[in-house]
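In what follows, a structure is listed as structure tokens, so that the remarks can point back to it.
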Amino acid sequence: MKDKNCKLNIKVYETLTSTNDEAKALLRASLDNIDTLKGTIIVAQRQTAGRGRTGRAFYSPKDSGIYFSLIYLQNKTHNDLITASVAVAVKRVIKKYFSIECKIKWVNDIYIEGKKVCGILTEGVILNGGKIGYIIGVGLNLYIDNTAPEEISTKACGILNSFTEGKRVINNKGILKQIKLTLIESIAEETYSLLEAPNKDDIIKEYKEASNILGKKITVHSLVNDKDFYEAVAVDITGEAKLVIEKESGERLTLESATVSLH
Ligand code: BTN
């Protein structure tokens, strides 16, 4: 499943505002020799302004999670399935190393037992010739414990929490570093392999099967104004990873982007 031909170039920083910002700056500074950035991954031990979709802050302190951005250059002008492919890649890697079955909340969040463990932020930069270079930011929580603010600890969890009842039992820095590196490399390899896969149907099938909203009542919030929302049922996810919802009136809409919350 892994693309062994994809050579990774991992750059690790102690502190960044956001790995997506650093990756974007690198992309913009390399427009004339863009191919040198293939397989580049920007990693930060901590982010001072980690962010998610709609500009929300992403909690990113040192040793609590893994924060990284992949650079993805492709020959097509656009790709609908980038975030869905990354979500499936993260889900597979968590299953492989921790035997945990995650759920995916459309469009970019990974959940374990009702709590968010990972968020994905995909952004584009226009390259020479009108193509788009993608920055794929992944924030994967390792530990969420009582050092986290309450609004985080009630809604988020870490993958290592499941095994240690919330205690930080891996104190050896070398081992923690190796765990992080293995996860980053595995997620990157799985992601690149899915992004290049000729048949996208299997990706969407897996994405839908892991959905925690399909068939459920949800609240749909506009991306522009969070106070603009309505109730609906999540009916389907299309081949382009769009969400089909049905309003109480029976009207059906296909959403390209929005934020949804579960009841
Ligand atoms: C979300 O929750 O909506 C997405 C969160 C994405 C967080 C990651 S951490 C690495 C990269 N850098 C950022 O500033 N954001 C992404």
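Read the figures in this text as sums done on the coordinates, not as results from a lab. Here the structure is a predicted model, which is why all the values come from computation and not from measurement. Backbone-built Cβ (ideal geometry, glycine too); neighbour counts: all protein chains shown.
Annotations for the structure displayed:
- Annotation for LYS217 and GLU196: the two label points, set 7 Å from Cα along the Cα-Cβ direction, are 4.7 nm apart.
- Only helices enter the 222 nm calculation for the chain: every DSSP H run of n ≥ 4 contributes -39,500 (n - 2.57), and dividing by all residues gives -8000 deg cm²/dmol, rounded to 500.
- Relative contact order of the chain, pairs being alpha-carbon contacts under 8 Å that are 6 or more residues apart, as %: 17
- In the chain, taking the dipole from charged Cβ atoms about the Cα centre, the farthest positive-side position among ASN20, GLY215, ILE82 is held by ASN20.
- Given charges at Cβ of Lys, Arg, Asp, Glu: the range 105-171 dipole, positive-most of VAL138, GLY114, LEU160: VAL138
- Other residues within the sphere of radius under 9 Å centred on the Cβ of GLU14, judged by their own Cβ, net out at +2 (K and R +1, D and E -1).
- Charge dipole of the range 76-221 (Cα centre as origin; +1 on each Lys and Arg Cβ, -1 on each Asp and Glu Cβ, all else neutral): 160 debye, rounded to the nearest 20.
- Over the range 1-126, volume per residue of the alpha carbon convex hull, in Å³: 131
- Whether the range 107-263 is rounded, prolate or oblate, judged on the alpha carbon gyration tensor where a/c under 1.5 counts as rounded: oblate
- Subtracting the Cα-Cα distance of ILE10 and ALA49 from 0.36 nm times their residue separation leaves 12.0 nm of extension gain.
- The label-point distance for SER261 and THR147, in a model that sets each label 7 Å from Cα toward Cβ, rounds to 2.8 nm.
- Within the range 105-212, the trypsin sites (Lys or Arg not before Pro) that combine a DSSP coil assignment with at most 14 other C-beta atoms in a 10 angstrom radius are LYS155, LYS167.
- For the range 1-70 versus the range 249-263, the gap between their alpha-carbon centres in whole angstrom: 31
- Each eigenvalue of the Cα gyration tensor of the range 57-193, multiplied by 5 and square-rooted, gives one semi-axis; in descending order these are 28, 15, 14 Å.
- Computed on the Cα atoms alone, the convex hull of the chain gives a volume of 133 cubic angstrom per residue.
- At most 16 other Cβ within 10 Å, DSSP loop - GluC sites (Glu not before Pro), the range 176-263: GLU196, GLU240, GLU248, GLU251, GLU256
- Here the gap between LYS38 and ILE126, fully extended at 0.36 nm per residue and compared with their Cα-Cα distance, gives a gain of 30.1 nm.
- A simple spin-label model places pseudo-atoms 7 Å from Cα toward Cβ; at LYS227 and LYS247 they are separated by 2.0 nm.
- Cα gyration tensor category, rounded, prolate or oblate, for the range 138-213 with a/c compared to 1.5: oblate
- Rounded to the nearest 20 debye, dipole of the chain from Cβ charges on Lys, Arg, Asp, Glu: 620
- Solution diffusion estimate, µm²/s, Stokes-Einstein, the range 13-80, Kirkwood Rh from C-alpha pairs, 20 °C, viscosity 1.002 mPa s: 165
- Antiparallel %, DSSP beta bridges [both residues in the range 4-92], to 5: 40
- If you plug the beta carbon distance of ASP236 and LYS173 into 1/(1 + (r/R0)^6) with R0 = 45 Å, you get a FRET efficiency near 0.45.
- The range 172-232 shape via C-alpha gyration tensor axes, a/c threshold 1.5: oblate
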